[in-house]
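Everything below concerns the one structure shown next.
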Amino acid sequence: MTLLKNDTFLRALLKQPVEYTPIWMMRQAGRYLPEYKATRAKAGSFLDLCKNTELATEVTIQPLERFDLDAAILFSDILTVPDAMGLGLYFAEGEGPKFERALQHEADIAKLHVPDMEKLQYVFDAVTSIRKALDGRVPLIGFSGSPFTLACYMVEGGSSKEFRTIKTMMYSRPDLLHKILDTTAQAVTAYLNAQIDAGAQAVQIFDTWGGVLSDAAFKEFSLKYIRQIVAGLKRESEGRRVPVIVFAKGGGLWLESMAEIGADALGLDWTCNIGEARRRVGNQVALQGNFDPFALFGTPESIRTEVARILADYGQGSGHVFNLGHGINQHADPEHAKILVDTVHELSRQYHGG
């Protein structure tokens, strides 16, 4: 395996000393980049782009050619797992993801099983191809959706504003939802381990919709299954630790509980103060975040001010990976993203020894 030239991101996740605060951006390969739009047009559709090894590699590398990022993230989609489970994923124009066969009947839920990972071979091929293309430049992050977040799409049949169908199931037939979540957790564990085997050097679990739950429901229907996955992950590969990041949008209420599930780092959305979050979790985990993606719509000066504030709030020492509090917006100016990345590198050195 090629020697890693920049392992700042991995060291920060493990709270080891670093020279500066590393940065990557959720959805850094995406629609805000004109070169991404050109590749996507060449691919034909979003799913075709995910399933084309060469083009998925190309779009993963694109943001690294523009910005001095400290990690690459696999270009894929969280819904590849339910698609492999036979739910029939498709993307309706202007409507986002949909499933042909939503899980709303007991008979369908009873038949749900962990898919053969060969159905997701295109993802693992992309991981291997991206690692080769990176040639040790920066680490590669693999990822998956959390069981609850995936179940939201699987039960609702697509995106939702109210989550009425899944919450109805949760309160009226919790046994059915637990069956979906347990099967999905087993699938996600196998999926992430296969990404690690293919070359992913860190993995992130996205719990995008955990924040819509009540306190008790979050612990029973989301956190429990994330803990199950973390416990089943390979934590070493190629002679070094593979850090695990758990990101729950709207999860600021549960930082203490999340810090105890065995992950190496927690991702924060923009609603938390990162200094307070650090005090709450102590030395248990590193923190990732948490610049509001819409702060990129400000001026260069306001972007620098916001970066300075977040770095100062976190304070001295390692254990901070700078990121957005959610994915970069498709209308963001790439030049503003460059200001963000360069400012983090420039201003963060004062918080690290040496």
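The values are calculated or read from the model by the stated rules, or taken from the named source; none is laboratory data. Worth saying up front: this structure is predicted, and the values here are computed from it rather than measured. As a convention, Cβ positions derive from the backbone with ideal geometry for all residues, glycine included, and neighbour counts pool all protein chains shown. Note: areas computed on protein heavy atoms with side chains; ligands, DNA, RNA excluded. Shrake-Rupley method; radii C 1.70, N 1.55, O 1.52, S 1.80 Å.
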Worksheet entry | Positions within region 299-354 being among the aliphatic types (A, V, I, L, M), touching a residue at least 40 places away in the same chain (Cβ under 8 Å) and farther than 29 Å from V244 by Cβ, in sequence order | I303
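Can you spot a residue in region 133-155 that is farther than 20 Å from V212 by Cα and assigned to a helix (DSSP H, G or I)?
Yes - at least one qualifying residue is present in region 133-155.
Whether any residue in region 144-158 is surrounded by 16 or more Cβ atoms within 10 Å (Cβ to Cβ), among the charged types (D, E, K, R), modelled with pLDDT of 95 or more and farther than 19 Å from F206 by Cβ is what I want to check. Step through it out loud before you land on a result.
To start, the set of residues in region 144-158 that are surrounded by 16 or more Cβ atoms within 10 Å (Cβ to Cβ) comprises 144-158.
Checking which are among the charged types (D, E, K, R) leaves us with 156.
If we keep only those that are modelled with pLDDT of 95 or more too, we end up with 156.
From what's left, farther than 19 Å from F206 by Cβ: none.
No: region 144-158 contains no residue that is surrounded by 16 or more Cβ atoms within 10 Å (Cβ to Cβ), among the charged types (D, E, K, R), modelled with pLDDT of 95 or more and farther than 19 Å from F206 by Cβ.
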Worksheet entry | Positions within region 95-107 being in contact (Cβ under 8 Å) with a residue 24 or more places away in the chain, open to solvent by 70 Å² or more (accessible area, probe 1.4 Å) and either among the charged types (D, E, K, R) or closer than 20 Å to P22 by Cβ (or both), in sequence order | E95, E106
Practice prompt. Could you figure out which of (1) surrounded by fewer than 24 Cβ atoms within 10 Å (Cβ to Cβ); (2) touching a Pro at 6+ places or on another chain (Cβ under 8 Å) isn't true of A187?
Written response: (1)
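Can you tell me which residue among Y20, Y32 is under 27 Å from T343 (Cα atoms), hydroxyl-bearing (S, T, Y) and crowded, with 22+ Cβ neighbours inside 10 Å? Explain how you work it out, then say what you get.
Values: Y20 fails: crowded, with 22+ Cβ neighbours inside 10 Å.
Testing whether each residue is under 27 Å from T343 (Cα atoms), hydroxyl-bearing (S, T, Y) and crowded, with 22+ Cβ neighbours inside 10 Å leaves just Y32.
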Discussion item. So in region 55-94, with the set limited to residues that are under 28 Å from P243 (Cβ atoms) and among the charged types (D, E, K, R), which one is surrounded by the fewest Cβ atoms within 10 Å (Cβ to Cβ)?
Written reply: E65
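Which ones in region 160-181 are in contact with a helix residue (DSSP H, G or I) (Cβ under 7 Å, 6 or more places away or on another chain) and either open to solvent by 10 Å² or more (accessible area, probe 1.4 Å) or not in a helix (DSSP H, G or I) (or both)? Quick ask: steps written out before the conclusion?
Going through region 160-181, the residues in contact with a helix residue (DSSP H, G or I) (Cβ under 7 Å, 6 or more places away or on another chain) turn out to be 160, 163, 165-166, 169-170, 176-177, 179-181.
Answer for region 160-181, where residues must be in contact with a helix residue (DSSP H, G or I) (Cβ under 7 Å, 6 or more places away or on another chain) and either open to solvent by 10 Å² or more (accessible area, probe 1.4 Å) or not in a helix (DSSP H, G or I) (or both): S160, F163, T165, M169, L176, K179.
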Discussion item. Of all residues being assigned to a helix (DSSP H, G or I) and acidic (D, E) in region 109-132, which is most open to solvent (accessible area, probe 1.4 Å)? Just the residue, please.
Written reply: E118
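Select from region 279-327 the residues that are of a type in the set (V, I, T) and open to solvent by 10 Å² or more (accessible area, probe 1.4 Å) and list them in ascending order. Can you show your working first?
First, pick out the residues of region 279-327 that are of a type in the set (V, I, T): 281, 285, 299, 303, 305, 307, 310, 321.
Across region 279-327, the qualifying residues are T299, T305.
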